[in-house]
1. Just checking, does segment 140-149 include any residue being within 21 Å of F253 (Cα to Cα) and surrounded by fewer than 18 Cβ atoms within 10 Å (Cβ to Cβ)?
2. With a cut-off of at least 2 residues that are modelled with pLDDT of 85 or more and more than 22 Å from F214 (Cβ to Cβ), name the helices (runs of 4 or more DSSP H) lying wholly within segment 1-61.
3. Could you tell me which residue of segment 193-228 is most open to solvent (accessible area, probe 1.4 Å), considering only residues that are aliphatic (A, V, I, L, M) and not in a helix (DSSP H, G or I)?
4. Counting only residues that are surrounded by 15 or more Cβ atoms within 10 Å (Cβ to Cβ) and among the basic types (K, R), which one in segment 263-296 is farthest from the chain's Cα centre (by Cα)?
5. When you look at G128, is it in contact with a Leu (Cβ under 8 Å, 6 or more places away or on another chain), buried (at least 17 other Cβ atoms within 10 Å of the Cβ) and on the phi < 0 side of the Ramachandran plot, yes or no?
6. Return the pair list, or none, for Cβ contacts closer than 8 Å from residues in segment 193-207 that are touching a residue at least 60 places away in the same chain (Cβ under 8 Å) to residues that are loosely packed, with under 10 Cβ neighbours inside 10 Å, at least 6 apart or on different chains.
7. Of the residues A219, A294, A236, only one is free of Cβ contacts under 8 Å to residues at least 60 places away in the same chain and either closer than 20 Å to P172 by Cβ or of a type in the set (S, T, N, Q) (or both); which?
8. Kindly indicate which of L166, L190, L174 is open to solvent by 20 Å² or more (accessible area, probe 1.4 Å), within 29 Å of V44 (Cα to Cα) and either without any contact (Cβ under 8 Å) to a residue 40 or more places away in the chain or in contact with a His (Cβ under 7 Å, 6 or more places away or on another chain) (or both).
Amino acid sequence: SDAICNLVICNDSSLRSQPIIFNPDFFVEKLRHEKPEVFTELVVSNITRLIDLPGAELAQLMGEEDPKLPGANSTASGFFRSLMSLKRKEKGVVFGSPLTEEGIAQVSQLIEYLHKNLRAEGLFRVPGNSIRQQILKDALNSGTDIDLDSGEFHSNDVATLLKMFLGELPEPLLTHKHFHAHLKIADLTLFDEKGNKTSTPDKERQIEALQLLFLILPAPNRSLLKLLLDLLYQTAKKQDKNKMSAHNLALMFAPHILWPRNVTANDLQENITKLNNGVTFMIKHSQKLFKAPAYIRECARLHYLGSRAHTSKDDLDLLTSPGSKELQPLKSQKRSRLDSCHQEETQQRTEEALQELFRHVHNMPDSAKKKKLIRQFSKHPSALTPSSDVATPPAPRRARSRSFSGLIKRKVLGTPVIQERKSRETTPEPKRVSKENIHLLQKCGSPAHMSQGKVKSLEGQKEESCRRMRAHLLSKDSSSL
């Protein structure tokens, strides 16, 4: 998965115009392989939203209990059950063995050949030659290369052998655990305006339930099921030539892919019609059943891109129905709400990190580095400032120099040195008002009500008093010397 995630930059100008292929189920498959328990819990929580599974059936679907199948405790037809079980005990490399990728690779040769010969009348219904079928079966079991296009085998031989392979699997392609869930999916019907259940199948909910159920199939079962349903879908499209409709094909394949093993028609009784109709529905809608629902994709994407924990959504069955145009704006609102929540959470994490950083700086011993870091915090008011969380101790004021030489310089040279020093600074400081000026201002009124001439006269009086003070100090110092 890491290799798939790598970004490859193509410098070939001839390939830049090609469309970019993006797998919308990428994060779904990533979550399924890396965290199967989280993935199963997410999917099953949405399955139970669509169909009612009691505690025992739910535990069977999750694999926590052994599935209780029809006819398991019945003694009727015991001869036929024992005969079928004996046939499955003769295991080969492909036939009669648990489903593996190697077995799928061998059987896929049969499926590819049948795609080229869909016009044969009675395909999957008319049996082929048993001798040719045994030769082909031995070749598949031994793993030897087979040239089906040589003309040695007929399409009916290959079709019958494909059904034989499915029938000899230790459990049906759709697994025993999923049997009760498929019966419940067949019962999903529409409701009328008063909320009463009708006999009309609810196709949208059935498709959604099958999509979810196929997501938790074992990977080899899901791969072969996709190949098989696609073959049957293409076969039904050419029913004008082969006389095999989707319902006729379902009658041929339901016992092999859905019926529990070692059961007979008497064991299933009234459920046979449901099972056959269920397989017919799968064939007709096979092109939609292997896509993950939109909300599963979104939950898997948010799981890896960082967001809040995903939960089961009770209203998502309404959002996935394409017929409701009124809910299209609701999808965009929900998406924008998710994006805004993601941004708020990211901002909150950033603020928490800044607070933690500032606490660490504040607890550092006094040093030049600490002062530098605090100054950097004060430069960014949008980040966490010292005043927003931790009270910063006031910086100690510099003590003025009280040396004798400095006192002489200030008395002798006076304000010109101070004014020259102030002019060199880059940031001008506000003028300090002396006590004398404050006294004058109080007499004359506030500066807002003073005229410009009065302000100039006050400044002149101040300069005159300063000159007199300097002259007095100079004469006093010269007399003492």
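The values are calculated or read from the model by the stated rules, or taken from the named source; none is laboratory data. The model shown is predicted, which means the values in this text are computed figures rather than measured ones. Glycine also receives a Cβ, built like all others from the backbone with ideal geometry; neighbour counts cover every protein chain displayed. Accessible surface is based on the protein model in full, side chains and every heavy atom, while ligands, DNA and RNA are left aside. Shrake-Rupley method; radii C 1.70, N 1.55, O 1.52, S 1.80 Å.
1. Looking through segment 140-149, none of the residues is within 21 Å of F253 (Cα to Cα) and surrounded by fewer than 18 Cβ atoms within 10 Å (Cβ to Cβ).
2. Hits in segment 1-61: 55-61.
3. Restricting to residues being aliphatic (A, V, I, L, M) and not in a helix (DSSP H, G or I), the top hit is I216.
4. K274
5. yes
6. Within 8 Å, the pairs are E204/P322; E204/G323.
7. Going through A219, A294, A236 in turn, the sole match is A219.
8. L190
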